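The block underneath contains the structure these notes are about, expressed in C-alpha coordinates.
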Amino acid sequence: MKQKKYTYTILILLFLAGSNLYSQKMKNYGDLEVHTDGQIGLYNSLENDGYFFSNSGLVGFYGETYFDVSGVIIPKLYDLEIANTSNIFLNIPIVVSNNANFIIGDLQTSKVESSNHLDFTPTAFSNGASDFSKVNGFVKADVSDRFMFPIGDADYLRPLSAETTDINSEFTAGYLFEDSTNTYPFSNNQEVANINTNEYWILEGSNKVSITINWNDRSSIESITEDINQLRIVGFEISTSEWKNLGGIRNTGDLASGFLTSSSFIPDEYAAITFGVLPIDEVEQSKLPLNGYHYIISPNGDGINDFFVIEELAEFENNVLQIYDRNGLLVYEAENYINEFNGETGRSIAAIDRDSGLAQGIYYYIAAVNGGEFVLQGYLYIDR
(Lines give C-alpha, C1' and ligand atoms only; values in the text may rest on other atoms or scores of the structure.)
Protein backbone atom coordinates (compact mmCIF):
# COMPACT_ATOMS: atom_id res chain seq x y z
CA MET A 1 0.00 0.00 0.00
CA LYS A 2 2.86 2.40 0.78
CA GLN A 3 4.38 1.64 -2.63
CA LYS A 4 1.12 2.52 -4.38
CA LYS A 5 0.88 5.87 -2.61
CA TYR A 6 4.50 6.67 -3.47
CA THR A 7 4.07 5.82 -7.17
CA TYR A 8 0.88 7.82 -7.46
CA THR A 9 2.54 10.86 -5.91
CA ILE A 10 5.35 10.73 -8.50
CA LEU A 11 2.80 10.58 -11.35
CA ILE A 12 1.07 13.66 -10.04
CA LEU A 13 4.36 15.54 -9.82
CA LEU A 14 5.23 14.60 -13.41
CA PHE A 15 1.82 15.75 -14.60
CA LEU A 16 2.26 19.11 -12.91
CA ALA A 17 5.81 19.59 -14.15
CA GLY A 18 4.90 18.87 -17.77
CA SER A 19 1.70 20.90 -17.98
CA ASN A 20 1.72 24.41 -19.44
CA LEU A 21 -2.04 24.57 -19.87
CA TYR A 22 -3.22 26.81 -17.04
CA SER A 23 -6.84 26.29 -18.10
CA GLN A 24 -6.67 22.59 -17.25
CA LYS A 25 -8.07 21.32 -13.97
CA MET A 26 -6.11 18.88 -11.87
CA LYS A 27 -8.36 16.10 -10.56
CA ASN A 28 -7.37 13.90 -7.66
CA TYR A 29 -9.43 10.73 -7.28
CA GLY A 30 -6.93 8.57 -5.40
CA ASP A 31 -4.36 8.97 -2.65
CA LEU A 32 -2.00 11.96 -2.86
CA GLU A 33 0.49 12.37 -0.04
CA VAL A 34 3.44 14.77 0.35
CA HIS A 35 6.44 13.11 2.03
CA THR A 36 9.29 14.56 4.14
CA ASP A 37 10.51 17.74 2.41
CA GLY A 38 8.46 17.22 -0.73
CA GLN A 39 6.92 20.16 -2.59
CA ILE A 40 3.96 20.40 -4.95
CA GLY A 41 3.14 23.51 -6.97
CA LEU A 42 -0.36 23.99 -8.38
CA TYR A 43 -0.84 26.40 -11.29
CA ASN A 44 -4.45 25.61 -12.11
CA SER A 45 -7.69 24.52 -10.48
CA LEU A 46 -7.81 21.52 -8.17
CA GLU A 47 -10.80 19.19 -7.89
CA ASN A 48 -10.10 17.01 -4.87
CA ASP A 49 -12.26 13.91 -4.65
CA GLY A 50 -9.59 11.75 -3.03
CA TYR A 51 -7.18 11.62 -0.12
CA PHE A 52 -4.82 14.66 -0.18
CA PHE A 53 -2.63 14.81 2.91
CA SER A 54 0.77 15.99 4.13
CA ASN A 55 2.33 15.74 7.58
CA SER A 56 5.41 17.53 6.22
CA GLY A 57 6.36 19.28 2.99
CA LEU A 58 4.85 22.20 1.08
CA VAL A 59 1.89 22.69 -1.24
CA GLY A 60 1.92 26.00 -3.12
CA PHE A 61 -0.69 27.85 -5.17
CA TYR A 62 1.24 29.75 -7.84
CA GLY A 63 0.87 31.52 -11.16
CA GLU A 64 -0.89 34.53 -12.63
CA THR A 65 -4.25 33.00 -13.53
CA TYR A 66 -7.29 32.86 -11.26
CA PHE A 67 -8.33 29.33 -10.29
CA ASP A 68 -10.34 27.51 -7.64
CA VAL A 69 -10.18 24.56 -5.26
CA SER A 70 -13.22 22.29 -5.21
CA GLY A 71 -14.23 18.69 -4.60
CA VAL A 72 -15.85 16.55 -1.93
CA ILE A 73 -12.82 15.81 0.28
CA ILE A 74 -10.95 18.50 2.26
CA PRO A 75 -7.19 18.74 1.55
CA LYS A 76 -5.18 18.52 4.79
CA LEU A 77 -1.81 20.19 4.31
CA TYR A 78 1.28 20.88 6.40
CA ASP A 79 2.73 24.05 4.85
CA LEU A 80 0.69 26.11 2.38
CA GLU A 81 2.13 28.90 0.25
CA ILE A 82 0.15 31.52 -1.69
CA ALA A 83 1.83 33.28 -4.64
CA ASN A 84 -0.81 33.84 -7.31
CA THR A 85 -1.42 37.40 -8.51
CA SER A 86 -4.97 36.58 -9.64
CA ASN A 87 -6.10 34.90 -6.39
CA ILE A 88 -7.52 31.47 -5.55
CA PHE A 89 -11.16 30.78 -4.64
CA LEU A 90 -12.02 28.09 -2.09
CA ASN A 91 -15.17 26.10 -2.80
CA ILE A 92 -14.16 23.68 -0.03
CA PRO A 93 -12.15 24.23 3.15
CA ILE A 94 -8.38 23.68 3.29
CA VAL A 95 -6.72 22.60 6.55
CA VAL A 96 -3.21 23.77 7.48
CA SER A 97 -1.34 22.07 10.33
CA ASN A 98 1.83 24.18 10.34
CA ASN A 99 2.33 27.40 8.34
CA ALA A 100 0.33 29.33 5.76
CA ASN A 101 2.83 31.58 4.02
CA PHE A 102 1.31 34.57 2.20
CA ILE A 103 3.42 36.14 -0.56
CA ILE A 104 1.13 37.66 -3.20
CA GLY A 105 -2.55 37.21 -3.97
CA ASP A 106 -5.55 36.32 -1.82
CA LEU A 107 -7.35 33.17 -0.85
CA GLN A 108 -11.01 34.02 -1.41
CA THR A 109 -14.12 32.46 0.09
CA SER A 110 -17.80 33.26 0.14
CA LYS A 111 -18.65 36.11 2.49
CA VAL A 112 -22.30 35.10 2.72
CA GLU A 113 -21.58 32.03 4.85
CA SER A 114 -18.50 30.60 6.50
CA SER A 115 -18.54 26.88 5.65
CA ASN A 116 -15.67 27.21 3.17
CA HIS A 117 -12.63 28.64 4.90
CA LEU A 118 -8.92 28.30 5.55
CA ASP A 119 -8.72 26.10 8.64
CA PHE A 120 -5.80 26.27 11.11
CA THR A 121 -5.17 23.42 13.54
CA PRO A 122 -4.04 24.24 17.14
CA THR A 123 -0.34 24.26 16.21
CA ALA A 124 -0.67 26.23 12.95
CA PHE A 125 0.01 29.89 12.21
CA SER A 126 0.26 32.30 9.28
CA ASN A 127 3.21 34.32 8.05
CA GLY A 128 3.57 37.33 5.73
CA ALA A 129 -0.09 38.36 5.53
CA SER A 130 -0.41 41.87 4.12
CA ASP A 131 -2.64 44.17 2.10
CA PHE A 132 -1.40 42.22 -0.93
CA SER A 133 -1.89 38.68 0.38
CA LYS A 134 -4.40 37.38 2.94
CA VAL A 135 -7.75 35.60 3.20
CA ASN A 136 -10.51 37.66 1.61
CA GLY A 137 -13.22 35.70 3.35
CA PHE A 138 -13.35 33.38 6.34
CA VAL A 139 -10.64 31.78 8.47
CA LYS A 140 -11.30 29.10 11.07
CA ALA A 141 -8.85 28.33 13.86
CA ASP A 142 -8.64 25.96 16.82
CA VAL A 143 -7.33 28.41 19.44
CA SER A 144 -5.79 27.16 22.66
CA ASP A 145 -4.30 30.50 23.68
CA ARG A 146 -3.86 33.21 21.04
CA PHE A 147 -4.31 33.47 17.29
CA MET A 148 -4.23 36.25 14.71
CA PHE A 149 -6.72 35.76 11.87
CA PRO A 150 -5.12 36.92 8.56
CA ILE A 151 -8.36 38.30 7.12
CA GLY A 152 -9.39 41.36 5.11
CA ASP A 153 -11.02 42.38 1.85
CA ALA A 154 -9.67 42.84 -1.68
CA ASP A 155 -7.64 45.92 -0.71
CA TYR A 156 -6.67 45.74 2.97
CA LEU A 157 -5.50 43.29 5.60
CA ARG A 158 -7.88 43.77 8.57
CA PRO A 159 -6.77 41.10 11.06
CA LEU A 160 -8.58 40.04 14.19
CA SER A 161 -6.61 38.68 17.14
CA ALA A 162 -8.28 36.26 19.53
CA GLU A 163 -7.23 35.31 23.03
CA THR A 164 -8.96 32.66 25.13
CA THR A 165 -8.38 30.66 28.28
CA ASP A 166 -10.73 27.88 27.18
CA ILE A 167 -9.07 24.74 25.81
CA ASN A 168 -9.78 23.63 22.22
CA SER A 169 -11.85 26.67 21.29
CA GLU A 170 -12.90 26.92 17.65
CA PHE A 171 -13.52 30.35 16.16
CA THR A 172 -14.29 31.50 12.63
CA ALA A 173 -13.69 35.11 11.55
CA GLY A 174 -14.28 37.28 8.50
CA TYR A 175 -14.16 40.98 7.56
CA LEU A 176 -16.48 43.11 5.44
CA PHE A 177 -15.89 46.65 4.19
CA GLU A 178 -19.58 47.46 4.36
CA ASP A 179 -22.10 49.38 6.45
CA SER A 180 -23.26 46.90 9.07
CA THR A 181 -26.39 48.92 9.83
CA ASN A 182 -27.87 47.88 6.47
CA THR A 183 -28.40 44.46 8.06
CA TYR A 184 -28.09 45.25 11.76
CA PRO A 185 -29.88 48.56 12.44
CA PHE A 186 -28.38 50.99 14.94
CA SER A 187 -30.18 53.26 17.39
CA ASN A 188 -28.73 55.13 20.36
CA ASN A 189 -28.98 53.30 23.67
CA GLN A 190 -27.50 53.58 27.13
CA GLU A 191 -24.41 51.60 26.14
CA VAL A 192 -23.53 52.88 22.67
CA ALA A 193 -23.92 56.41 21.31
CA ASN A 194 -22.57 55.85 17.80
CA ILE A 195 -20.84 53.17 15.70
CA ASN A 196 -18.49 52.95 12.76
CA THR A 197 -20.52 52.29 9.60
CA ASN A 198 -17.54 51.76 7.28
CA GLU A 199 -16.59 48.21 8.25
CA TYR A 200 -17.33 45.28 10.49
CA TRP A 201 -16.09 41.84 11.47
CA ILE A 202 -17.96 38.55 11.87
CA LEU A 203 -16.81 36.14 14.58
CA GLU A 204 -18.33 32.75 15.32
CA GLY A 205 -17.64 30.51 18.30
CA SER A 206 -19.26 29.20 21.48
CA ASN A 207 -16.36 29.79 23.88
CA LYS A 208 -15.44 33.01 25.64
CA VAL A 209 -12.83 35.12 23.89
CA SER A 210 -11.22 38.53 24.04
CA ILE A 211 -10.41 40.10 20.67
CA THR A 212 -8.21 42.88 19.37
CA ILE A 213 -8.98 44.78 16.18
CA ASN A 214 -7.31 47.81 14.69
CA TRP A 215 -8.46 50.91 12.88
CA ASN A 216 -6.76 52.71 10.00
CA ASP A 217 -7.47 55.58 7.60
CA ARG A 218 -10.37 53.79 5.87
CA SER A 219 -12.08 53.33 9.26
CA SER A 220 -12.61 57.13 9.47
CA ILE A 221 -12.68 57.05 13.27
CA GLU A 222 -12.65 60.86 13.29
CA SER A 223 -16.20 60.77 11.88
CA ILE A 224 -17.57 59.30 15.14
CA THR A 225 -15.23 60.75 17.79
CA GLU A 226 -12.37 63.15 18.36
CA ASP A 227 -11.15 61.22 21.42
CA ILE A 228 -9.99 57.61 21.06
CA ASN A 229 -10.63 57.09 24.78
CA GLN A 230 -14.33 57.04 23.83
CA LEU A 231 -13.79 54.07 21.52
CA ARG A 232 -15.04 50.63 22.41
CA ILE A 233 -15.56 47.37 20.56
CA VAL A 234 -19.29 46.88 20.07
CA GLY A 235 -21.36 43.92 18.93
CA PHE A 236 -24.87 43.48 17.55
CA GLU A 237 -26.53 41.27 20.17
CA ILE A 238 -28.79 38.72 18.49
CA SER A 239 -31.20 38.25 21.42
CA THR A 240 -32.01 41.97 21.81
CA SER A 241 -31.30 43.23 18.25
CA GLU A 242 -29.24 46.04 19.78
CA TRP A 243 -25.59 47.11 19.59
CA LYS A 244 -23.86 46.45 22.91
CA ASN A 245 -20.59 47.57 24.46
CA LEU A 246 -18.05 44.71 24.46
CA GLY A 247 -15.47 46.74 26.32
CA GLY A 248 -12.24 48.46 25.47
CA ILE A 249 -8.87 48.02 27.16
CA ARG A 250 -5.30 48.54 25.91
CA ASN A 251 -6.60 51.42 23.80
CA THR A 252 -3.52 52.44 21.81
CA GLY A 253 -2.95 54.84 18.92
CA ASP A 254 -4.37 58.06 17.49
CA LEU A 255 -7.29 58.98 15.24
CA ALA A 256 -5.43 57.76 12.14
CA SER A 257 -4.53 54.30 13.44
CA GLY A 258 -4.55 52.21 16.58
CA PHE A 259 -5.87 49.05 18.18
CA LEU A 260 -8.27 48.12 20.94
CA THR A 261 -8.99 44.97 22.94
CA SER A 262 -12.43 43.83 24.08
CA SER A 263 -13.55 42.27 27.32
CA SER A 264 -14.35 38.56 27.25
CA PHE A 265 -17.56 37.59 25.41
CA ILE A 266 -19.19 34.67 23.55
CA PRO A 267 -19.09 35.36 19.77
CA ASP A 268 -22.19 33.32 18.89
CA GLU A 269 -24.29 35.82 20.83
CA TYR A 270 -23.35 38.60 18.39
CA ALA A 271 -23.95 38.87 14.65
CA ALA A 272 -21.46 41.65 13.87
CA ILE A 273 -18.59 43.49 15.53
CA THR A 274 -17.15 46.97 14.93
CA PHE A 275 -15.95 50.12 16.71
CA GLY A 276 -18.39 52.21 18.71
CA VAL A 277 -18.47 55.27 20.93
CA LEU A 278 -19.74 55.43 24.49
CA PRO A 279 -22.15 58.11 25.67
CA ILE A 280 -20.02 60.99 27.02
CA ASP A 281 -21.05 60.44 30.64
CA GLU A 282 -20.02 56.76 30.39
CA VAL A 283 -16.45 57.33 29.22
CA GLU A 284 -13.77 56.07 31.57
CA GLN A 285 -10.03 55.74 31.11
CA SER A 286 -9.32 52.51 29.25
CA LYS A 287 -5.63 52.81 28.47
CA LEU A 288 -4.00 49.98 30.40
CA PRO A 289 -0.48 48.59 30.15
CA LEU A 290 0.05 46.16 27.30
CA ASN A 291 1.44 42.75 28.15
CA GLY A 292 2.25 39.47 26.49
CA TYR A 293 0.51 40.03 23.18
CA HIS A 294 0.33 43.59 21.89
CA TYR A 295 2.88 46.29 22.56
CA ILE A 296 3.61 49.99 22.33
CA ILE A 297 7.03 51.60 22.11
CA SER A 298 7.80 55.32 22.38
CA PRO A 299 11.47 55.67 21.40
CA ASN A 300 12.10 59.17 22.79
CA GLY A 301 14.93 58.39 25.17
CA ASP A 302 12.98 58.87 28.40
CA GLY A 303 13.68 55.31 29.52
CA ILE A 304 10.00 54.27 29.29
CA ASN A 305 9.00 51.90 26.48
CA ASP A 306 12.02 52.94 24.42
CA PHE A 307 12.57 49.36 23.24
CA PHE A 308 10.39 46.47 22.10
CA VAL A 309 10.61 43.97 24.96
CA ILE A 310 9.16 40.46 24.63
CA GLU A 311 9.91 38.85 27.97
CA GLU A 312 8.85 35.35 26.88
CA LEU A 313 11.69 35.08 24.35
CA ALA A 314 14.33 35.00 27.11
CA GLU A 315 13.04 31.56 28.14
CA PHE A 316 14.06 29.87 24.88
CA GLU A 317 17.32 29.04 23.14
CA ASN A 318 16.61 30.60 19.76
CA ASN A 319 14.07 32.74 17.97
CA VAL A 320 13.54 34.76 14.80
CA LEU A 321 11.67 38.06 15.06
CA GLN A 322 10.15 39.81 12.05
CA ILE A 323 8.30 43.14 12.04
CA TYR A 324 6.10 44.19 9.11
CA ASP A 325 4.29 47.40 8.27
CA ARG A 326 0.60 47.21 7.35
CA ASN A 327 1.46 46.72 3.66
CA GLY A 328 3.43 43.60 4.46
CA LEU A 329 6.84 45.22 4.01
CA LEU A 330 9.45 43.58 6.24
CA VAL A 331 10.98 46.49 8.15
CA TYR A 332 12.97 44.63 10.80
CA GLU A 333 14.38 41.14 11.27
CA ALA A 334 16.62 39.63 13.93
CA GLU A 335 17.77 36.19 15.03
CA ASN A 336 17.93 35.51 18.78
CA TYR A 337 16.27 38.83 19.47
CA ILE A 338 17.16 40.43 22.81
CA ASN A 339 14.99 43.55 23.04
CA GLU A 340 17.06 45.91 20.87
CA PHE A 341 14.37 47.25 18.48
CA ASN A 342 13.77 50.96 19.09
CA GLY A 343 11.81 51.93 16.00
CA GLU A 344 14.70 51.94 13.56
CA THR A 345 14.47 49.65 10.57
CA GLY A 346 17.93 48.09 10.58
CA ARG A 347 17.47 47.53 6.82
CA SER A 348 17.98 49.57 3.66
CA ILE A 349 14.45 50.19 2.42
CA ALA A 350 13.50 52.60 -0.35
CA ALA A 351 11.46 55.62 0.79
CA ILE A 352 12.34 55.03 4.47
CA ASP A 353 14.88 57.29 6.14
CA ARG A 354 16.95 55.05 8.40
CA ASP A 355 18.13 58.04 10.43
CA SER A 356 14.63 59.20 11.35
CA GLY A 357 13.31 55.70 11.98
CA LEU A 358 9.95 54.11 11.17
CA ALA A 359 6.85 56.26 11.05
CA GLN A 360 4.35 56.39 13.89
CA GLY A 361 1.59 53.84 13.53
CA ILE A 362 0.67 50.16 13.61
CA TYR A 363 3.03 47.31 12.76
CA TYR A 364 2.71 43.54 13.03
CA TYR A 365 5.29 41.25 14.55
CA ILE A 366 5.86 37.51 14.41
CA ALA A 367 8.41 35.68 16.57
CA ALA A 368 9.12 32.05 15.68
CA VAL A 369 10.60 30.20 18.65
CA ASN A 370 12.86 27.12 18.56
CA GLY A 371 12.72 26.70 14.79
CA GLY A 372 8.97 27.25 14.61
CA GLU A 373 8.05 25.09 17.60
CA PHE A 374 5.55 27.80 18.37
CA VAL A 375 4.89 31.39 17.35
CA LEU A 376 4.12 34.67 19.10
CA GLN A 377 2.48 37.35 16.97
CA GLY A 378 0.47 40.50 17.44
CA TYR A 379 0.31 44.28 17.07
CA LEU A 380 3.07 46.77 17.75
CA TYR A 381 2.36 50.50 17.89
CA ILE A 382 5.21 53.00 17.45
CA ASP A 383 4.35 56.24 19.23
CA ARG A 384 6.50 59.25 18.35
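The values are calculated or read from the model by the stated rules, or taken from the named source; none is laboratory data. Just so it is clear, the structure is predicted and the values come from calculations on it, not from any experiment. FYI the Cβ positions are ideal-geometry reconstructions off the backbone, even for glycines, and counts take in every protein chain you see. Remember, those area values only see protein heavy atoms, side chains included, never the ligands or the DNA or RNA. Shrake-Rupley method; radii C 1.70, N 1.55, O 1.52, S 1.80 Å.
Between VAL209, LEU278, ASN91, the Cα set farthest toward the positive side of the dipole of the chain (charges on each charged residue's Cβ, about the Cα centre) is that of ASN91. Evaluated at q = 0.20, 0.21 Å⁻¹, a Debye calculation over the C-alpha positions of segment 213-267 (equal weights, vacuum) places log10 I(q)/I(0) at -0.73, -0.79. Solvent-accessible surface of segment 26-132, taken per residue with a 1.4 Å probe and all protein chains present: 38 Å². At full extension, ASN189 and GLU226 could sit 11.3 nm farther apart than now, given 0.36 nm per residue minus the alpha carbon distance.
Under the rule a/c < 1.5 gives rounded, and otherwise a/b versus b/c splits prolate from oblate, where does segment 175-258 land using the Cα gyration tensor? Rounded. Label zone of ILE238 (point 7 Å out along Cα→Cβ, amide N under 18 Å): in segment 190-222 this covers 201-210.
Each label was represented as a point 7 Å from its Cα along the Cα-to-Cβ direction; for ASP155 and GLU344 these points are 3.6 nm apart. Between ASN318 and ASP145, the contour length at 0.36 nm per residue exceeds the alpha carbon distance by 60.2 nm. Taking only the Cα atoms of segment 72-214, the radius of gyration and Dmax are 15.4, 49 Å. If you plug each phi of segment 41-50 into the Karplus form 6.51 cos²θ - 1.76 cosθ + 1.60 with θ = phi - 60°, what whole-Hz ³J(HN,Hα) values come out, in order, with x for Gly and Pro? Karplus-based 3J(HN,Hα) across segment 41-50 equals x, 9, 10, 8, 4, 10, 10, 9, 10, x Hz. With the cut-off at under 20 Å, measuring from each backbone N in segment 60-74 to a point 7 Å along the Cα-to-Cβ line of GLN39 picks out 60-65. Taking amide hydrogens as modeled 1.01 Å from N in the peptide plane, which residues meet the under 5 Å criterion relative to ASP68, leaving out close sequence neighbours? Here SER45, LEU46, PHE89 satisfy the definition.
For segment 66-114, the equivalent ellipsoid built from the Cα gyration tensor has semi-axes of 16, 15, 10 Å, listed from largest to smallest. The HN-Hα couplings worked out from phi for segment 374-384 by the Karplus form 6.51 cos²θ - 1.76 cosθ + 1.60 (θ = phi - 60°) are 7, 10, 10, 8, x, 9, 9, 10, 8, 10, 10 Hz, whole numbers, x standing for Gly and Pro.
What the Cβ-Cβ distance of ILE167 and ALA256 gives, at R0 = 41 Å and to the nearest 0.05, is a FRET efficiency of 0.60. Considering the chain as a Gaussian network with a 10 Å cut-off on Cα pairs, which listed residue, GLY235, GLY357, GLY253, attains the greatest mean-square fluctuation? It is GLY357. What net charge is computed for the residues neighbouring ASN318, neighbours being all others with C-beta under 13 Å from the C-beta of ASN318, Lys and Arg scored +1, Asp and Glu -1? Summing Lys/Arg as +1 and Asp/Glu as -1 gives -4. Using θ = phi - 60° in the Karplus curve 6.51 cos²θ - 1.76 cosθ + 1.60, the 3J(HN,Hα) couplings for segment 182-187 round to 5, 10, 10, x, 10, 9 Hz; x is entered for Gly and Pro.
Computed from the C-beta positions of ASP268 and ASP302, the FRET efficiency with R₀ = 56 Å rounds to 0.80. Loop-located GluC sites (Glu not before Pro) in segment 184-276 (DSSP state not H, G, I, E or B) with no more than 14 neighbouring Cβ atoms inside 10 Å: GLU226.
Ordered from longest to shortest, the equivalent ellipsoid semi-axes for the chain are 37, 26, 18 Å, each the square root of 5 times a Cα gyration tensor eigenvalue.
Over the residues of the chain, the helix contribution to mean residue ellipticity at 222 nm works out to -1500 deg cm²/dmol, using -39500 (n - 2.57) for each DSSP H run of at least 4.
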